[in-house]
Amino acid sequence: MKKSLVALAALAATSAFAQSSVTLSGLLDFASSSTTGSMYASNGKTVSTTQGTSATSTINIIAVEDLGAGMKVEARYEIDPRTFANDSTAVTNNITAGNTDQAANTTTGLLRHQTYIGLSGGFGTVKLGAPNSTGLSAAGASSPLGTGIGSGYAPVSGAVVNSVISTRFSGRAIRYESPVMNGFSATYHYAAGNDEVNRQASSLNVAQTIPNTRGYSEIGLSYSNGPLNATYAQQKTDKQTNNTGWYAASSAGATAAINAPDSTAKIWGANYKISDTTLYVGGLSGNAPSTTTAAGKTLKGSRMAIKQTIGSFDVALQSTKVKLDTTEAKVTGARADYNLSKTAAVYVGYEKWDTGAAASSSSTGDRKITAIGLRKSF
C-alpha cells in the first residue's frame, strides 16, 4: 500500500513538472567592419557585436507554465551579451581615439531587450513589463536586413527609423495581443508617463528631479496568410509638461527649455513571397518630437527591399528614406548570407548612411560600413 502511494505521488509530481518548462535560447553575432565617410569620428576598423553586424545578439530565458483550461503564464528575460563584451556607446569614437577601456553600452532602445511576464488564453495575451512594440514588428515586415547593417533601424545603422519609432518601453508598459482570426490580429500597448516637476529634498538641501518619461500608447494590426505578411502600427507620445527630460531643450531644466508637444508616428510594412524571391515595402508618416522647436517635425518615410534565395545563399538589397521637415536621410544596404546550417551563417554586409546634412558632427554627413561576420543562434 505504501509503495502504491509513493508511486502515485511520484507520478503526480512528474505530471505537475511536465506542465512547466524553462528554455534557454539566443543569438550571438560578431562582425569585422571598416567605417569611412565625411561624418566626424567615422573612420576606423573594429571587431564588434554592434558595428556592422547582421542581427542583435541576445540571450533569452523563458519560463512557461500550463495553468490548464487553455491558459498559460510566461516569464521572459532577455539579456544583451554585448553589455559583457565591452562594446562602447560611442563605438566609432573609440575606434578613432584608440580607447581600450570601452564602457558597456546600455543606453539605446535596442539594448533594452524585452523582459515581461504574460498571461495567455482564449482571450489573447496580456504582457506586463517591457515587451517589444508592434512598431518594431512593422519595421521588420518591410526589412529583410532586420535591424542589422543596412537596415536603417538600429543606432549603428543610422538611427533613421528608431529615431521616431520606439522599440519598447523598459519596465513600465502593458501590452494586449488579440487571438488570431482568419490571419488577422490586433495589439494595444500602453506605458504610463511621469512628468512630476522638481521637488526639494530638505535633508540634502538640493533639488531632486524625477526623470521625465512621456506617456505612450500604440495600436497595431497584423495580417499573415500564405505568402503575404503585413503589419501596421500607430504610436502616440504624450506632450511633455515640464522642462526636464530627454525631449526638453535643456536636461538641466532651464526655464527657456522647450516642452515637446504630443506626437504621432505611423509605420507599416509588408512582404510577399514568390517562390525563392521575397518583395518588401513599407512607409512612415506623422510627426516627431523636437528639442529645438515646440512644433515638432513633420515625418515621412519609405522603404523598398528584395531578398533572393539561391541554394544556401540569401542575398538582400534595401533602401530606406526618412524625411523630417526638409531634411531627408537615406540608408542603402546590402547583405549576402551563406547559411552553414539552419542556425549558423557567415555573411558580408554594406551600408551607406547619408544624413542629408553637411558634415559638422558625429551625426551629420555620410558614413559607409563594410563588414564580414559570423552569427549563431541556439
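The values are calculated or read from the model by the stated rules, or taken from the named source; none is laboratory data. Every value quoted in this text rests on a predicted model; they were computed, and no experiment measured them. Ideal geometry is used to build each Cβ from the backbone, glycine not excepted, and the neighbour counts take in all protein chains shown.
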The stretch 247-275 residues that are modelled with pLDDT of 50 or more, paired with ones that are assigned to a loop (DSSP other than H, G, I, E, B) and among the aromatic types (Phe, Trp, Tyr) (beta carbon under 7 Å, 6 or more apart): Ala260/Tyr247
Residues (in contact with a Gly (Cβ under 6 Å, 6 or more places away or on another chain), surrounded by 18 or more Cβ atoms within 10 Å (Cβ to Cβ) and either among the hydroxyl-bearing types (Ser, Thr, Tyr) or more than 23 Å from Ala357 (Cα to Cα) (or both)) located in the stretch 31-56: Ala31, Ser33, Thr35, Thr53, Ser54, Ala55
Qualifying residue in the stretch 20-43 (condition: under 16 Å from the mean Cα position of the chain (by Cα), on the phi > 0 side of the Ramachandran plot and not in a loop (DSSP other than H, G, I, E, B)): yes
Condition met for Ser120 (closer than 27 Å to Thr355 by Cβ, polar (S, T, N, Q) and either under 13 Å from the mean Cα position of the chain (by Cα) or at pLDDT 90 or above (or both)): no
Matching residues, the stretch 30-72, being of a type in the set (Lys, Arg) and farther than 22 Å from Ser362 by Cβ: Lys72
Single unsatisfied condition, Thr50 versus (1) under 29 Å from Gly122 (Cβ atoms); (2) outside any strand (DSSP E or B); (3) at pLDDT 80 or above: (1)
Candidates Lys45, Lys2 - the one that is of a type in the set (D, E, K, R) and either at pLDDT below 80 or farther than 23 Å from Thr370 by Cα (or both): Lys2
Answer from Ser302, Ser319, Ser341 - the residue that is farther than 26 Å from Arg214 by Cβ, among the polar types (S, T, N, Q) and assigned to a loop (DSSP other than H, G, I, E, B): Ser341
Neighbours by Cβ (under 7 Å, 6+ apart or cross-chain): first from the stretch 178-200, assigned to a loop (DSSP other than H, G, I, E, B); second among the aromatic types (Phe, Trp, Tyr) and modelled with pLDDT of 55 or more: Gly183/Tyr223
Within the stretch 175-234, tally of residues that are aliphatic (A, V, I, L, M), under 22 Å from Tyr116 (Cα atoms) and either at pLDDT 95 or above or over 25 Å from the mean Cα position of the chain (by Cα) (or both): 5
Top-ranked residue in the stretch 304-342 [being buried (at least 19 other Cβ atoms within 10 Å of the Cβ) and among the β-branched types (Val, Ile, Thr); ranked as farthest from Thr370 (Cα to Cα)]: Val322
Residue selected from the stretch 280-307 under the condition modelled with pLDDT under 85 and of a type in the set (Val, Ile, Thr), by the criterion nearest to the chain's Cα centre (by Cα): Thr291
